[in-house]
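For reference, the structure is listed below as structure tokens.
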Amino acid sequence: MSQAIAVHNATKSYGDKTVLRGVDFSVEAGTVTVILGPSGSGKSTLLRAINHLEKLDEGFVSLNGELIGVRVKGTRLKELRPKDILRQRAKIGFVFQNFNLFPHLTILENVTEAPISHGVKAAEARENARALLARVGLSEKEADYPRQLSGGQQQRVAIARALALDPDVILFDEPTSALDPELVGEVLAVIRTLAGSGKTLIVVTHEIGFAREVADRVVFMDEGAIIEEGTPDQVLTRPAHPRTQDFLSKVL
Ligand code: ADP
Ligand code: MG
């Protein structure tokens, strides 16, 4: 197997607050990794650094063996050119907690926006978007606007949108945390269908049942560091670290 994502010595501070403390993290292509951890532990910052939404102070990220977001103190390693960053970002889809759909665009337009801005012809982008909306069970909603949909439906559109550029990696940042409990299942079901499809998934979530069932690997973060990682059974059933045990006793 090859590494889809490798993060080396990711270090990030906001003012005098250190948010990532030299995180080393890698993910095999085609696997599902679930990241758990208390609020403020740096999970979102790590995902955002992987997707160039955040610049690291030190350390680097590579995608399919190619460096991205380089920042290594005391070395001459250079940052990628903006053009190369765009090319790399197109390989990574991102699903946000609050969906972040474009409110003034229809559901279909939300899904075609990125491909069209990347030069895909409108007719082809629409055809592909319709196939993706069918895949998340929302074909009949294509002419609606986001506000007409439930939160669960909006998040399924966001997943279709994240798939539109056919990325290798999809990052999910607490994709069900903003949903009413009865809508969580439909979104997790869509994510589950992506597991084993060849895509590499990294999912920040507190849904322990989902992690147990779908994850190949579970990573527990606390205070800007990875405290423990392993199979779902290792981390969720027999956690070795007291901080993991404490966290699980609160969320389970
Ligand atoms: P998590 O996703 O695990 O809850 P985050 O990565 O969002 O954690 O945040 C880690 C820490 O960094 C938190 O203490 C948060 O307040 C702080 N933080 C995040 N983004 C910023 C920012 N743009 N400016 C200042 N502090 C931030
Ligand atoms: Mg977060």
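Around the amide H of residue 94, modelled in the peptide plane, lie the amide H atoms of 171, all under 5 Å away and 5 or more residues distant in sequence or on another chain. What share of Cα pairs, in percent, lie more than 15 angstrom apart in the stretch 108-184? Here the tail beyond 15 Å accounts for 54 percent of pairs. Here the chain has 49 percent of its accessible surface on carbon and sulfur atoms, given a 1.4 Å probe and all protein chains in place. Taking the Cα centre of the chain as origin and assigning +1 to Lys and Arg Cβ atoms and -1 to Asp and Glu Cβ atoms, the resulting dipole is close to 700 debye.
Just for the chain, what percent of DSSP beta bridges are antiparallel, to the closest 5? Numbers along the way, then the final one.
Values: 23 of 40 bridges.
Of the beta bridges lying entirely in the chain, close to 60 percent run antiparallel.
When the Cα centres of the stretch 1-24 and the stretch 131-210 are compared, how far apart do they sit, in Å? One Cα centre to the other: 26 Å.
Let me spell out the model: positive unit charges on the Cβ of Lys and Arg, negative unit charges on the Cβ of Asp and Glu, origin at the Cα centre of the stretch 147-202. What dipole size does that give, in debye rounded to 20? It would help to have the intermediate numbers written out before the result.
Details: 5 positive and 7 negative charges, 33 e Å.
Roughly 160 debye for the stretch 147-202.
Note on exposure: 89, 156 ranked by accessible area (1.4 Å probe, complete protein assembly) read 89, 156, with the most exposed listed first. Seen from all directions on average, the stretch 120-252 presents a Cα convex hull projection of 9.4 nm².
The charge dipole of the stretch 4-139, taken about its Cα centre with unit charges on the Cβ of Lys, Arg, Asp and Glu (plus for the first two, minus for the last two), comes to roughly 240 debye. Per the Debye calculation on the stretch 17-64 with a single equal scatterer at every Cα and no solvent contribution, log₁₀ I(q)/I(0) for q = 0.30, 0.32 Å⁻¹ amounts to -1.46, -1.52.
Simple rule: put +1 on each Lys or Arg Cβ and -1 on each Asp or Glu Cβ in the chain, find the dipole, and look at 249, 181, 25; the Cα lying farthest toward the positive end is 25.
Under a 5 Å amide H cut-off, with hydrogens placed 1.01 Å from N, residue 221 pairs with 36, 37, 227 among residues at least 5 apart or on other chains.
May I ask which of 43/199; 55/83; 12/91; 121/141; 55/141 have a Cα-Cα span longer than 25 Å here?
Numbers: 43/199 20 Å; 55/83 16 Å; 12/91 23 Å; 121/141 22 Å; 55/141 37 Å.
Among 43/199; 55/83; 12/91; 121/141; 55/141, the Cα-Cα distance tops 25 Å for 55/141.
Evaluate the relative contact order of the chain (contact order divided by residue number), counting alpha-carbon pairs under 8 angstrom at least 6 apart; express in whole percent.
Details: 493 pairs, mean separation 62.8, N = 252.
Reported relative contact order: 25 percent.
Per residue, the chain exposes an accessible area of 47 Å² to a 1.4 Å probe, with every protein chain left in place. Computed over every Cα-Cα pair of the chain and binned at 5 Å starting from 0, the pair-distance distribution P(r) comes out as 1, 6, 13, 17, 19, 17, 13, 9, 4, 1, 0 percent.
Put +1 on the Cβ of each Lys and Arg and -1 on the Cβ of each Asp and Glu in the stretch 83-136; which of 107, 118, 134 then has its Cα farthest toward the positive end of the dipole? Comparing the listed Cα positions along the dipole, 118 ranks first.
The values are calculated or read from the model by the stated rules, or taken from the named source; none is laboratory data. Just so it is clear, the structure is predicted and the values come from calculations on it, not from any experiment. Note that each Cβ is placed from the backbone with ideal geometry, even for glycine, and that neighbours are counted across all protein chains shown. Protein only, heavy atoms only, side chains kept; ligands, DNA and RNA dropped before computing areas. Shrake-Rupley method; radii C 1.70, N 1.55, O 1.52, S 1.80 Å.
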